[in-house]
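Quick notes on the structure that follows.
The values are calculated or read from the model by the stated rules, or taken from the named source; none is laboratory data. All values reported here derive from a predicted model rather than from experimental measurement. We place every Cβ from the backbone using ideal geometry, glycine too, and count neighbours over all the protein chains shown.
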Amino acid sequence: MIDTSEAKQMDFDKWLELAMNDPEGFESARTVAIQGFLESIPNNSRQRLTGLQWRIDMIRQRSKTPMAACQAIYSMMWDQLAGDEGMIESLKSFASGSFSPPEARFNANILPFQRQLDEEGEVS
């Protein structure tokens with residue numbers, strides 16, 4: 001089992017060798033390296049990046065092939081960079097002085113639910 005410090009010291013060739021010769025060991029080392037990275041960043045960024053890593057892991061898990069996963073992750077990256085409300089659009093609006101924080105994407109009315117009592121006066 002590879003620990004975080006070993007994973008940090010591995011170069012591309014070592015990662016490639018591990019992936020070719022021991023795919024399960026590669027996945028284990030990859031997980032250790034990612035967790036080590038996430039634990040090293042400030043708390044205010046950790047939750048967002050942990051969520052992003054979860055999304056990436058789910059894409060990898062659901063994809064039929066590694067290439068399909070790569071293409072889906074690549075597409076997700078470009079959407080965040082150049083899509084609606086992406087980084088490029090935000091930078092342009094900031095540079096022009098018209099920057100405003102993005103609006104909440106989800107708005108919902110919260111409905112109050114009345115408790116209903118059965119014939120014996122118990123909450124149902």
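Computed values, structure above
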{"item": "Test set (1) surrounded by 12 or more Cβ atoms within 10 Å (Cβ to Cβ); (2) modelled with pLDDT of 95 or more; (3) hydrophobic (A, V, I, L, M, F, W, C) - Met76 fails condition number", "result": "(2)"}
{"item": "Answer from Thr65, Thr50 - the residue that is surrounded by fewer than 11 Cβ atoms within 10 Å (Cβ to Cβ), at pLDDT 90 or above and among the hydroxyl-bearing types (Ser, Thr, Tyr)", "result": "Thr65"}
{"item": "Output for region 1-51, where each listed residue is of a type in the set (Val, Ile, Thr) and part of a helix (DSSP H, G or I)", "result": "Thr4, Thr31, Val32, Ile34, Thr50"}
{"item": "Ala82 farther than 19 Å from Leu49 by Cβ, at pLDDT below 75 and out of contact with any Pro (no Cβ under 8 Å at 6 or more places or on another chain)", "result": "no"}
